[in-house]
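No lab work stands behind these numbers, since they all come straight from the coordinates. Nothing here was measured: the structure is a model prediction, and the numbers come from that model.
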């Protein structure tokens with residue numbers, strides 16, 4: 001099987017091309033001349049549902065997630081920028097393992113280090129894009145951040161490089177920019193509330209954030225392979 005857009009060879013079970021990031025489902029192949037397909041009503045943000053799913057995930061195994069949040073804050077505080085991307089991706093791995101196998105461990109936080117280059121570049125590029133958009137107004141910055149909120153998941157789950165992963169994330173979000181921006185905004189506000197609670201609240205709100213985004217990714221893209229985790 002080849003990608004219908006760039007022609008790269010693909011496993012028949014793959015839903016996204018690991019080269020160009022384009023979805024292989026629910027779209028008319030470019031060789032067929034027809035009007036652009038309507039946006040699928042199934043791909044819409046469900047903020048309440050995903051946040052509730054994230055809360056249930058964290059609540060069911062709260063101790064490892066709280067410890068991961070503590071380690072995350074300490075490590076990124078001591079070594080900023082360089083380790084943010086790999087640790088963010090590691091948080092998603094922990095959430096995926098919890099969803100798929102019913103367990104999560106603190107060590108999961110470091111399991112994305114085998115994708116260090118891709119996650120670091122993703123963090124840097126997304127940070128630059130979001131910063132430049134925010135110079136125009138906070139709203140464009142929020143939209144850009146929302147566009148790429150699934151990037152780390154595509155890197156660790158679909159084994160994509162950083163740029164195809166960013167494109168794949170955008171493929172999902174572009175079907176409901178407004179809804180996904182509100183979803184991200186809700187998560188940002190929760191983390192602000194956590195910071196205001198003497199920063200202790202972040203130990204809960206940070207895991208909740210990654211769990212909610214992972215739950216959304218599960219519903220929208222599905223996990224590629226159980227053996228990955």
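Give the relative contact order (percent, whole number) for the stretch 51-224; include only Cα pairs under 8 Å separated by 6+ residues.
30
Compute the distance from the alpha-carbon center of the stretch 40-73 to that of the stretch 128-145, in whole Å.
24
Give the span of the stretch 117-180's Cα atoms along each principal axis, as three whole-Å numbers ordered largest to smallest.
33, 24, 12
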